[in-house]
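Just so it is clear, none of the values below were taken in a lab; they were calculated from the coordinates. Source: prediction; values computed, not measured. Backbone-built Cβ (ideal geometry, glycine too); neighbour counts: all protein chains shown.
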Amino acid sequence: MNWEMLAEWNWQMITGISASVIALCALITSILHGVHARKHNQLSCRPHLTTWSHNGEREGIYVVELLNNGLGPALIKSFIVKVDGEIISGKGTKPIEAAVEMLFPREDYSYSADYAYMNKGYAMSAKDRCRVVIIQFQGEFQPPGDDVEATLNRADLVVEYKSFYGESRTYNSADERAAQ
């Protein structure tokens, strides 16, 4: 065997192996970049539901809103209302109406109320809000704001939702109160 031929063959082999290693590194880098880009996209499209309550105690108005303060839309899977841990059944706004009646019986309070809910399949866009209940007490007897807040805290809202990437999440107002 000729030494020149052997040296030439070794350099061809080294060049071929080097090219293969470089190609493999480029492939791995591309895959890792794709994984990181997908994670970034998931985070940039993640919804986050929370409630916001506010009151105008002087006017006797109390509002509870559900809002999406995340970056992406929330696809609603279920919308459940509970009072004292018991699920209130019904369709549409009926569970919310029933919950308000349980919390503020008409024989004890005079008020008007508006209700809203989100049906399964609703896509709640980022920064969207749903006024779940607006209660306006009327007449001479207006309950103190602290009493209304304490009574409203007996009710829970549980909303199961997912992102466009299919990540399932659950909002539970009881968990949010516990974290405060």
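May I ask you to verify whether M118 is in a loop (DSSP other than H, G, I, E, B), of a type outside the set (D, E), within 22 Å of R177 (Cβ to Cβ) and in contact with a strand residue (DSSP E or B) (Cβ under 8 Å, 6 or more places away or on another chain)?
yes
Just checking, does the stretch 79-91 include any residue being outside any strand (DSSP E or B), among the charged types (D, E, K, R) and over 28 Å from H40 (Cα atoms)?
Checked against the condition, which is being outside any strand (DSSP E or B), among the charged types (D, E, K, R) and over 28 Å from H40 (Cα atoms), the stretch 79-91 yields at least one hit.
Are any residues in the stretch 145-178 touching a helix residue (DSSP H, G or I) at 6+ places or on another chain (Cβ under 8 Å) and farther than 20 Å from H54 by Cβ, and if so, which ones?
Residues satisfying the conditions are V158, S163, Y165, E167.
Quick test for you: out of Q136, Q142, pick the one residue that is among the polar types (S, T, N, Q), more than 19 Å from T50 (Cα to Cα) and assigned to a loop (DSSP other than H, G, I, E, B).
Values: Q136 fails: assigned to a loop (DSSP other than H, G, I, E, B).
Result: Q142 is the single residue among Q136, Q142 that is among the polar types (S, T, N, Q), more than 19 Å from T50 (Cα to Cα) and assigned to a loop (DSSP other than H, G, I, E, B).
If I filter the stretch 56-78 down to residues being assigned to a strand (DSSP E or B) and in contact with a Cys (Cβ under 7 Å, 6 or more places away or on another chain), which single residue comes out as surrounded by the fewest Cβ atoms within 10 Å (Cβ to Cβ)?
Residues of the stretch 56-78 assigned to a strand (DSSP E or B): 56, 61-68, 74-78.
So of that shortlist, the ones also in contact with a Cys (Cβ under 7 Å, 6 or more places away or on another chain) come out as 65-66.
Working: E65: 16, L66: 24.
Among residues in the stretch 56-78 that are assigned to a strand (DSSP E or B) and in contact with a Cys (Cβ under 7 Å, 6 or more places away or on another chain), the one surrounded by the fewest Cβ atoms within 10 Å (Cβ to Cβ) is E65.
Is the stretch 148-160 home to any residue that is in a strand (DSSP E or B) and either loosely packed, with under 14 Cβ neighbours inside 10 Å or touching a Pro at 6+ places or on another chain (Cβ under 8 Å) (or both)?
no
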